[in-house]
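Everything on this sheet refers to the single structure shown next.
Only the coordinates and a few stated rules stand behind these numbers; no lab work does. Keep in mind the model is a prediction, meaning the values are calculated, not measured. Note that each Cβ is placed from the backbone with ideal geometry, even for glycine, and that neighbours are counted across all protein chains shown.
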Amino acid sequence: MKDEPKRHPLRDAHADISAAESAPDTVQTRAPAYRLAFNDDDFLCRDELRPVRLQLELLKPQMMLDEAGITSTIVLFGGARIPEPAKKDEARTQTLAELSHFYDETREFARLMTLKSMESGGTQDVIVTGGGPGVMEAGNRGAVDAGGKSIGLNIVLPHEQAPNEFVTPELCFNFHYFAIRKMHFLMRAKAICVFPGGFGTMDEMFESLTLIQTGRMQRVPFLLFGKAFWEKIINWDALADAGTISAEDLDLFRFVESAQEAMDLIENWDAPTARDSIPGR
């Protein structure tokens, strides 16, 4: 974070950390109770401190994105298992291999959007992904192709993982709480683009759609890449026919097939603001 001049005459926290570490080595100074609370990892990881950790995880990316001047983002959701076309022979299934062209569409969309963002200084409509492989990698890679920056919102998982190499390092974040990560995906969202994916992608897609459906979020361009995939996976009309959603809810999103089609829709999007009522209720 940026160094800022002190706004108060009180002693700096970093100075006290250094002073405490240089204290005489005694039974008392080695005791866990003596550690400064904000510099005590064991204390901060206690169950009772969960509300504090939630707040810290919300604040750190928020403050750093503010300091970077990021005012709006273009959100990309999509499968971690979709390979780039050059590696589609390594895909686990034939379907994944056939979906590999969406890697290139993601990359091209991110490139085009980043070029447009850079026209206004590169702080608006910045690409944000989950920071991992597959579609996420393609999104961050497209931003690099355009010579711009992009955001990665990574999550700690039980299996080994690392951010993809194309995320802008100073905009590469790591999360413990899925809920806070989801908030950061949407807090600056100017558009949401969803590519084929699995449980994680559908979780993110439906939570975002629910916020828009219920009027908790402004209407933004909401684009599903690959109509054939999404209509095979989800019977949207059956949901409307059953009455569990309204027919009007099917207008909350659009299907697209290409990067250029998505760019055109976003540039010409004409939708109302947040709903003040829910159709069908």
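Under conditions of 25 °C and 0.890 mPa s, the range 183-236 yields 208 µm² s⁻¹ as its translational diffusion coefficient, taking Rh as the Kirkwood radius over Cα pairs in the Stokes-Einstein equation. Note on the range 211-245 and the range 56-88: Cα centroid distance 23 Å, given to the nearest whole angstrom. All other residues whose Cβ lies under 15 angstrom from that of Arg30 are scored, Lys and Arg at +1 and Asp and Glu at -1, for a net of -3.
Straight-distance candidates among the aspartates and glutamates for linking to Lys60, with alpha-carbon spacing under 14 Å and chain neighbours fewer than 8 residues away dropped: Glu170. What is the sum of charges, Lys and Arg at +1 and Asp and Glu at -1, for the other residues whose Cβ falls under 15 Å from the Cβ of Thr93? Taking every Cβ under 15 Å from that of Thr93, the sum is +2.
Fewest-first ordering of Asp270, Asp237 by other beta carbons within 10 Å of each residue's beta carbon gives Asp270, Asp237. Calculated from the alpha-carbon coordinates, the chain shows an Rg and a Dmax of 22.1, 74 Å respectively.
Here the residues Arg216, Arg275, ranked from fewest to most Cβ neighbours within 10 Å of their Cβ, fall in the order Arg216, Arg275. Taking other C-beta atoms within 10 angstrom as a stand-in for reagent exposure, Thr273, Thr106 fall in the order Thr273, Thr106, fewest first. Loop-located trypsin sites (Lys or Arg not before Pro) in the range 82-127 (DSSP state not H, G, I, E or B) with no more than 12 neighbouring Cβ atoms inside 10 Å: Arg92. Loop only per DSSP, at most 11 neighbouring Cβ atoms within 10 Å: give me the GluC sites (Glu not before Pro) in the range 145-203, ordered by residue number. Filter output for the range 145-203: Glu160, Glu165. A simple rule links phi to the HN-Hα coupling: the Karplus curve 6.51 cos²θ - 1.76 cosθ + 1.60 with θ = phi - 60°, which for the range 30-35 gives 7, 6, x, 4, 7, 4 Hz, with x for Gly and Pro. Overall form of the range 99-234: rounded. Here a/c, set by the Cα gyration tensor axes a ≥ b ≥ c, is under 1.5. Straightening the chain between Thr26 and Phe178 buys 50.6 nm, computed as 0.36 nm per residue apart minus the Cα-Cα spacing. Charged side chains reduced to their Cβ positions (Lys and Arg at +1, Asp and Glu at -1) give the range 73-147 a dipole of some 140 debye around its Cα centre. Taking every DSSP beta bridge that has both ends in the chain, the antiparallel portion is near 0%. Cβ-Cβ distance of Gln218 and Ala19, R₀ of 51 Å, FRET efficiency by 1/(1 + (r/R0)^6): the value works out to about 0.60. For the chain, a Gaussian network of Cα nodes joined below 10 Å ranks Ser258, Ser100, Ser246 by mean-square fluctuation, and the top entry is Ser246. For the residue pairs Lys190/Lys232; Lys190/Lys227; Lys116/Lys232; Lys88/Lys232, alpha carbon separations beyond 30 Å are given by Lys116/Lys232. The calculated 222 nm mean residue ellipticity attributable to helices in the chain amounts to -12000 deg cm²/dmol, summing -39500 (n - 2.57) over DSSP H runs of n ≥ 4 and dividing by all residues. Relative to the longest principal axis of the Cα atoms of the chain, the long axis of helix 50-67 lies at roughly 70 degrees. Computed from point charges on the beta carbon alone (+1 for Lys and Arg, -1 for Asp and Glu), the dipole magnitude for the chain about its Cα centre is near 500 Debye.
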